[in-house]
There are 2 protein chains.
Amino acid sequence: MGDTPSQSPEPVVLTVCTTCRQTGSDPEAMRPGRILADRLAGSALPEGVTVRGVECLSACSRSCTLHLSGGPARWSYIYGDLDPDAHLEDILAGAAAYAATEDGFVPWRERPVVFRKQSIARIPPVSMPSVALTPTPAPERRDTANDTPDTPATELTQD
Amino acid sequence: MGDTPSQSPEPVVLTVCTTCRQTGSDPEAMRPGRILADRLAGSALPEGVTVRGVECLSACSRSCTLHLSGGPARWSYIYGDLDPDAHLEDILAGAAAYAATEDGFVPWRERPVVFRKQSIARIPPVSMPSVALTPTPAPERRDTANDTPDTPATELTQD
């Protein structure tokens, strides 16, 4: 937020699933994610934030859902169990806080409750390095005779 | 996979949560995600695929979990309920099929069962356009007097 931005931040996108619906709800009714996406699109969005409606985030049991992202340098998040009546303002506030960061990481206490409590998953920035791993062969492999990768050691016959 | 690739594909990353554990499991035991990440790192990874271990994908109830991604032009996926003993080979096969695509979309029948059945969420490529939305004001707004966006119509007084 300084006068000499060291990098131009990537746009922030609220990707909303417009097709999922809660179990037992009227299949003919407008989907809550569509309502949420339409209302976000009709809101005064924070600077740098856009809304995208997509068909199926494949998190159907947690309807309605959205994905908050802002380029490879930022954390991204998936939120679920959203209610277009209850959560619109909090989503906008959370997106504004997120868009004001370079890495997408908003301190826990500064996130709206819906973002604290209803996270389905979060994904680190692409640049985040791996923890130190210890490469380990899988014990169930039966390639004791040799290491030729072409040998289908686990191939099963149909009977 | 042709002789004249139109674009250089981005690297594919299997990001594995190394910290989550299943409810009731021994908290001192090595976490299944760490075992999975170590075994993936010890496997013959498909071309263009790397493994990254991270601390917490915030999908703790679906341990162990991984995120499959390959740059902004590809779909990305989050999978859960993974078992390092049962699913290693399928994860490698699924990552290979994914890495062979430009957009990350592998036909359903060509995905390993674990990728078909244990998806937590999927995220479309950044370039995927929005479905047509109908910008709609939220009904709970009390801006009936006028439409001036500068008017804080929903401002509440504290009492």
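The values are calculated or read from the model by the stated rules, or taken from the named source; none is laboratory data. Nothing here was measured: the structure is a model prediction, and the numbers come from that model. Neighbour counts run over all protein chains shown; Cβ positions are idealised from the backbone, glycine included.
For segment A:30-51, filtered to residues that are touching a helix residue (DSSP H, G or I) at 6+ places or on another chain (Cβ under 8 Å) and either modelled with pLDDT under 90 or surrounded by 19 or more Cβ atoms within 10 Å (Cβ to Cβ) (or both), the residue that is nearest to the other protein chains (Cβ to nearest Cβ) is A:R39.
Residues that are among the hydrophobic types (A, V, I, L, M, F, W, C), surrounded by fewer than 19 Cβ atoms within 10 Å (Cβ to Cβ) and touching an Asp or Glu at 6+ places or on another chain (Cβ under 9 Å) occur at least once in segment B:63-73.
Scanning segment A:14-29 for residues that are at pLDDT 90 or above and surrounded by fewer than 21 Cβ atoms within 10 Å (Cβ to Cβ) yields a total of 1.
The single condition among (1) in contact (Cβ under 8 Å) with a residue 40 or more places away in the chain; (2) within 14 Å of B:A59 (Cβ to Cβ) that A:S58 does not satisfy is (1). Among strands (runs of 3 or more DSSP E) entirely within segment A:54-131, having at least 3 residues that are at the interface with another protein chain (Cβ under 8 Å from one of its Cβ atoms) and of a type outside the set (G, A, S) singles out A:119-123.
I'd like to check something: does segment B:2-20 contain any residue that is away from every other protein chain (no Cβ under 13 Å) and in contact (Cβ under 8 Å) with a residue 24 or more places away in the chain? So far as segment B:2-20 goes, yes, one or more of its residues are away from every other protein chain (no Cβ under 13 Å) and in contact (Cβ under 8 Å) with a residue 24 or more places away in the chain. Put simply, of B:L45, B:L40, B:L68 the only residue that is touching a Ser or Thr at 6+ places or on another chain (Cβ under 8 Å), of a type in the set (A, V, I, L, M) and touching a residue at least 40 places away in the same chain (Cβ under 8 Å) is B:L68.
Looking across segment A:21-37, the residues that are touching a residue at least 40 places away in the same chain (Cβ under 8 Å) and either out of contact with any strand residue (DSSP E or B) (no Cβ under 9 Å at 6 or more places or on another chain) or at positive phi (or both) come down to A:R21, A:Q22, A:P32, A:I35. Of the residues making up segment B:38-53, just one is part of a loop (DSSP other than H, G, I, E, B) and touching a Phe, Trp or Tyr at 6+ places or on another chain (Cβ under 9 Å), namely B:P46.
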